[in-house]
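Contents: one structure, followed by commentary.
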Protein chains: 2
Amino acid sequence: MPLDDAADLLQHPIIEVLGQEIVDGVHAPGARLTLESLQDRFGVSRTVARDCMRVLESLRMVYSRRRVGLVVREPANWTKYDRRVIRWRLSGPGRERQYAELTELRIAVEPLAAAGAAVRASAEVRHELQDLARQLRVLGESGRLEEFLAVDIAFHQLLLEASGNSMFAELTGVIAEVLAGRTHQGLMPLQPQPEALAEHEAVADAVGRRDRAGAETHMRWLVDEVRRALADDLPPH
Amino acid sequence: MPLDDAADLLQHPIIEVLGQEIVDGVHAPGARLTLESLQDRFGVSRTVARDCMRVLESLRMVYSRRRVGLVVREPANWTKYDRRVIRWRLSGPGRERQYAELTELRIAVEPLAAAGAAVRASAEVRHELQDLARQLRVLGESGRLEEFLAVDIAFHQLLLEASGNSMFAELTGVIAEVLAGRTHQGLMPLQPQPEALAEHEAVADAVGRRDRAGAETHMRWLVDEVRRALADDLPPH
DNA sequence: GATTCAGAAAAGATAGCATCTTTTCAGCGG
DNA sequence: CCGCTGAAAAGATGCTATCTTTTCTGAATC
């Protein structure tokens, strides 16, 4: 396991603050900032202000033009899959909408990820999935909700990583976020439903026996429950 | 329509070159660069080298540590959904693999996007979709392949945008790329198959009458054809 | 082995010139 | 008096150059 995680601390606070503000609508699309205003406000040098602006530019949240400054772009232009953008959107006013959108994404992706895992995951990983599914049943039936959530997240993350598709694997963090949000916002029944537990096992077993169609079908049933729970229309922006 | 597109020119060549090189494996994970080496190589100042490094850092392709320099990160850490990363991966050695992965993503997403469009798109857009489907039939039956491709791309893009889910809409560019690649690499039959034409119309009609389940089902059939054409396993890395 | 230490490299600050655009406004013509 | 044209001014970033500070690595030393 490559230990290259010692890296994440370099998110400059300016990026965090400005990104969140833009997402929250404090700076509407079309609004202008200048490097100098950032220097004054955050007490940093031009170099640092530029660095941060470059990152926001690379997220397509602002663009910079001479004589004009930094212009905030339309939300439609933002890079929606960047973790920071997702995080900002999940804490801003459009919170519920973003949850719903990510849930829909999850519903779309997980069945194919399960199918991929059935065909491509190693025997070891496939057994680990079955193990997690069994733990889920135990924790679910005894109502230990927090532990259940942790294992549930581990199950779905492992499945996405094992899908063999790096585009799916990239979504692990997002989907963990969605699962956690569902529990912590009381959108989950206090006791996981027996059918859900059975479906988790069915998915794991299908993956275990490399049954592609079975894995996909059972995962589809599983997410269909989520889908029914989702309001018929997305919440407004 | 906000004209905020006058913005895209600020992709520094250094980012392009280094990003492509990293994706191509010229700089393996763990390899080290220094700002000074970039200054020398590209003949730019430290500030610019830093700017570009910041962007690559924000894509999680390198991290920078004092006394060490810039360290190339594992592919698993890269931001996979950034357009530049996708572009680099589509022109590097892992080209076919990336096409296959994106195709799988498309197969996952489009059915739900169709369902969303059925429920959420305006009457105008729904009619436009039906219009495009009709054009597709004409162009397909007369074998005008390039025009067919253009309209096909327009159809799928409009559908994703009309899905009402910004995470789906964000994928329009990617999916256009996949459709174009399929045609231009001879993965498409020279004459689009009649069933595919019928399914496009069926999707558009279902969306037109706000038939959520119908739209999803027909889109699933449509992408299932693609799926059968996809090799059973993904190409190796 | 643990500790110390020198030095390498980025982090950040500052200053200045170059360049690009927007705005303004003077002058002219109708 | 009004409107237009075009040139100059001003405001902002783009990029370069250089300096100090900070942090961490790697090796020498104990």
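Derivation of every value follows stated rules applied to the coordinates shown; laboratory data play no part. Here the structure is a predicted model, which means the values were calculated and not measured. Backbone-built Cβ (ideal geometry, glycine too); neighbour counts: all protein chains shown.
For this structure, a couple of remarks:
- Across the range B:142-152, coupling constants 3J(HN,Hα) worked out from phi with the 6.51/-1.76/1.60 Karplus curve, θ = phi - 60°, read 9, x, 8, 5, 5, 5, 4, 4, 4, 6, 4 Hz, and Gly and Pro carry x.
- Taking 0.36 nm per residue of separation and subtracting the current Cα-Cα distance, fully stretching the chain between B:Val138 and B:Arg32 would add 32.6 nm.
- Interchain or long-range residues, amide H under 5 Å from A:Glu74's placed H: none
- The mean count of C-beta atoms from other chains within 10 Å of the C-beta of residues in A:115-126, rounded to a whole number, is 1.
- Counting only Cα atoms, the range B:3-77 measures 42, 29, 20 Å along its principal axes, largest extent leading.
- Each label was represented as a point 7 Å from its Cα along the Cα-to-Cβ direction; for B:Arg210 and A:Ala76 these points are 2.3 nm apart.
- Neighbouring partner chain Cβ atoms per residue of B:82-92, average, 10 Å criterion: 1
- Two-site FRET efficiency, A:His127 against B:Val119, from Cβ-Cβ distance with R₀ of 41 Å, rounded to 0.05: 0.50
- Each residue of the range A:74-80 was assigned a 3J(HN,Hα) from its phi angle through the Karplus curve 6.51 cos²θ - 1.76 cosθ + 1.60 (θ = phi - 60°); the sequence is 5, x, 4, 8, 4, 6, 7 Hz, with glycine and proline shown as x.
- Using θ = phi - 60° in the Karplus curve 6.51 cos²θ - 1.76 cosθ + 1.60, the 3J(HN,Hα) couplings for the range A:83-91 round to 4, 5, 4, 4, 4, 4, 5, 6, 10 Hz; x is entered for Gly and Pro.
- Global geometry of the range B:79-158, whether rounded, prolate or oblate, following the gyration tensor of its Cα atoms and the 1.5 cut on a/c: oblate
- Global form of the range A:136-181, assessed from the alpha-carbon gyration tensor, a/c cut-off 1.5: oblate
- Descending Cα extents along the principal axes, the protein assembly as shown, whole Å: 62, 57, 43
- For the range A:36-111 and the range A:146-207, distance of Cα centres in Å: 28
- For B:56-65, mean number of other protein chain Cβ atoms within 10 Å: 4
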